[in-house]
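The structure under discussion appears below in the form of structure tokens.
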Amino acid sequence: LWSKKLNRRVHHGSFRLLVEKDDALAKKSGKDKPDVSDEEVEPEDLINDKYLELDDEDEEPALVDLEDIVGPKTDGPQEMVTKAQRKSLTKEGYKIIGSHSAVKLCRWTKHQLRGRGGCYKHTFYGITSYQCMEATPSLACANKCVFCWRHHKNPVGKEWRWKMDPPDMIVSEAINRHRQMIKTMRGVPGVKPERLEEAFAVQHCALSLVGEPIMYPRINELVGELHERKISTFLVTNAQFPKAIEDLDPVTQLYVSIDASNKDALKEIDRPLFGDFWERFTGSLKALRTKGQRTVYRLTLVKQWNMEDENDDEELNQYAKLLEIGQPDLIEIKAVTYCGKSDASNLTMKNVPWHSEVRKFAQALCDRTGGKYGTAAEHVHSCCTLLARKDIYLRDGEWYTWINYPKFHQLMKDYYASNGKKTFSSLQYLEKTPSWALWGAAEEGFDPVETRHYRKKKSDKASKTLG
């Protein structure tokens, strides 16, 4: 610990942090200030721990070891997750795997186990939500997005500079940890016994939990481990690593996050670490265009940030230009999820669009594509809509946005057997979208085999108590 006050200003994109430790800490510890050079303290590490400090208002202040900020001094690479980050993420329900990966049980897994409906991926693409595992091989990210639902308690970085765990260990441990969390659902009221047993067989993996999965240098081996187990892969990237997208083997569905329509707005919303973030962003869209399998633009709408209103011509035209660059198969347009107050973001419920506003925005964007895309599906519960390319997914007037998973796994088996020479396209693993999932359906994207559950209002509870 320091014996003198240390003032260190960190300039990194839009970050400007002041890190201070008082003489009082040194007096308590009785230790002298260590010889710490600028090279030993990474700016990203200081940013990480500063966010943890800002978000931990409810906890009593404690002494901070130097190791928690820069890690213990070693000859080789450091571990990605510091003690402080591990503690914070574990507290929020993340199961940390090795030194840089994690898995967490999705709320939609719990919902569908109880027969209360599946997630939007069930509606749009036919996954079984209670057999889906949400995981990441990299907790680190190159952005600090204002709407990040993880409240910035994960590390940040521009390149891989940490210890690296093997992909087979990450996948096997993720499945084991996921199954352990499924076990905790035994005895929960409403859980369907047959679904609980089926849930132990993981069928899908959403590589989107937190961080930037594509940063993991051995990502192709990791998705290969999942495909070998016949687990489909939905991989989301923040569009800052175009070369990694180019080098990526086929996945079931590849997403890029389109968080803004222009350079200035992207800087404000994503708060990227890279100085050339816009070039990386557009480069990622160009790389996406070269992929032969299913590709998706994911637009998260945040009112007053990247969406003035659902009829903003300038904004919509800029989004339409981005569509021309990447020409994705599909476009998911959803409302931002408000995750409560955070010192790392000033978002409030006023920034969350209604589904009707998201729907109007989606229709207006669709109208600007010259008939290339159509309004395919929607999941009202998630405030999420889906546009799809008509030349691929509209067959004889009917939508085919669902995925034939056994066919995909056979195609991947042939791809690996040929050392990547036998490629395939989105057209080869289509499946018809059910009527209840379609845009404008009376069911609003809610599977009719499920039972809709409504929370009781506080006023209803109060009246019962008084009555």
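The values are calculated or read from the model by the stated rules, or taken from the named source; none is laboratory data. This one's a predicted model, so the numbers in the text were calculated from it and none came from an experiment. Ideal geometry is used to build each Cβ from the backbone, glycine not excepted, and the neighbour counts take in all protein chains shown. Surface areas here come from the heavy atoms of the whole protein model, side chains and all, with no ligands, DNA or RNA. Shrake-Rupley method; radii C 1.70, N 1.55, O 1.52, S 1.80 Å.
Of the residues making up the stretch 210-225, those that are surrounded by 18 or more Cβ atoms within 10 Å (Cβ to Cβ) and either closer than 28 Å to Thr451 by Cβ or in contact with a helix residue (DSSP H, G or I) (Cβ under 6 Å, 6 or more places away or on another chain) (or both) number 3. In the stretch 207-270, counting only helices (runs of 4 or more DSSP H) that sit wholly within it, the ones holding 2 or more residues that are of a type in the set (A, V, I, L, M, F, W, C) and more than 26 Å from Gly93 (Cα to Cα) span 242-247, 263-270.
Here's the yes/no breakdown for (1) of a type in the set (A, V, I, L, M, F, W, C); (2) at pLDDT 95 or above; (3) under 23 Å from Lys291 (Cα atoms); (4) open to solvent by 20 Å² or more (accessible area, probe 1.4 Å):
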site	(1), (2), (3), (4)
Val352	yes, no, no, yes
Cys366	yes, yes, yes, no
Lys432	no, yes, yes, yes
Trp439	yes, yes, no, yes
Ala442	yes, yes, no, yes
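Could you list, in sequence order, the residues of the stretch 226-260 that are of a type in the set (Phe, Trp, Tyr) and open to solvent by 10 Å² or more (accessible area, probe 1.4 Å)?
First, pick out the residues of the stretch 226-260 that are of a type in the set (Phe, Trp, Tyr): 234, 241, 255.
Across the stretch 226-260, the qualifying residue is only Phe241.
Restricting attention to the stretch 297-315, does a residue exist that is over 24 Å from Leu430 (Cβ atoms), among the aromatic types (Phe, Trp, Tyr), open to solvent by 10 Å² or more (accessible area, probe 1.4 Å) and touching a residue at least 40 places away in the same chain (Cβ under 8 Å)? Yes, the conditions are met somewhere in the stretch 297-315. Pairing each residue of the stretch 379-401 that is free of Cβ contacts under 8 Å to residues at least 24 places away in the same chain with any residue that is surrounded by fewer than 20 Cβ atoms within 10 Å (Cβ to Cβ) and small (Gly, Ala, Ser), provided the two are 6+ apart or on different chains, yields C-beta distances under 8 Å for Lys390/Gly371; Lys390/Gly374; Leu394/Gly374. Out of the residues in the stretch 324-347 meeting the condition of being among the small types (Gly, Ala, Ser) and out of contact with any Pro (no Cβ under 6 Å at 6 or more places or on another chain), tell me which one is modelled with the highest pLDDT. Only one residue fits best here, namely Gly326. Being basic (Lys, Arg), under 21 Å from Ser435 (Cα atoms) and under 27 Å from the mean Cα position of the chain (by Cα): is that true of Arg395 here? It is false that Arg395 is basic (Lys, Arg), under 21 Å from Ser435 (Cα atoms) and under 27 Å from the mean Cα position of the chain (by Cα). Of all residue pairs spaced 6 or more apart or on separate chains, those with beta-carbon atoms under 7 Å, a first member in the stretch 76-89 that is in contact (Cβ under 8 Å) with a residue 12 or more places away in the chain and under 15 Å from Pro137 (Cα atoms) and a second member that is open to solvent by 20 Å² or more (accessible area, probe 1.4 Å) and not in a helix (DSSP H, G or I) are Glu79/Lys163; Leu89/Lys153. Within the option set Ala377, Ala417, Ala442, being aliphatic (A, V, I, L, M) and under 26 Å from Leu323 (Cβ atoms) holds for one residue only, Ala377. Screening the stretch 58-160 for helices (runs of 4 or more DSSP H) wholly inside it with 1 or more residues that are buried (at least 20 other Cβ atoms within 10 Å of the Cβ) and at pLDDT 95 or above returns the ranges 107-113, 120-125.
So which residues in the stretch 187-202 are farther than 20 Å from Thr451 by Cβ and surrounded by fewer than 18 Cβ atoms within 10 Å (Cβ to Cβ), if there are any at all? Quick ask: steps written out before the conclusion?
At the first step, the residues of the stretch 187-202 found to be farther than 20 Å from Thr451 by Cβ are 200-202.
If the condition is that a residue be farther than 20 Å from Thr451 by Cβ and surrounded by fewer than 18 Cβ atoms within 10 Å (Cβ to Cβ), then Phe200, Ala201 are the ones that fit.
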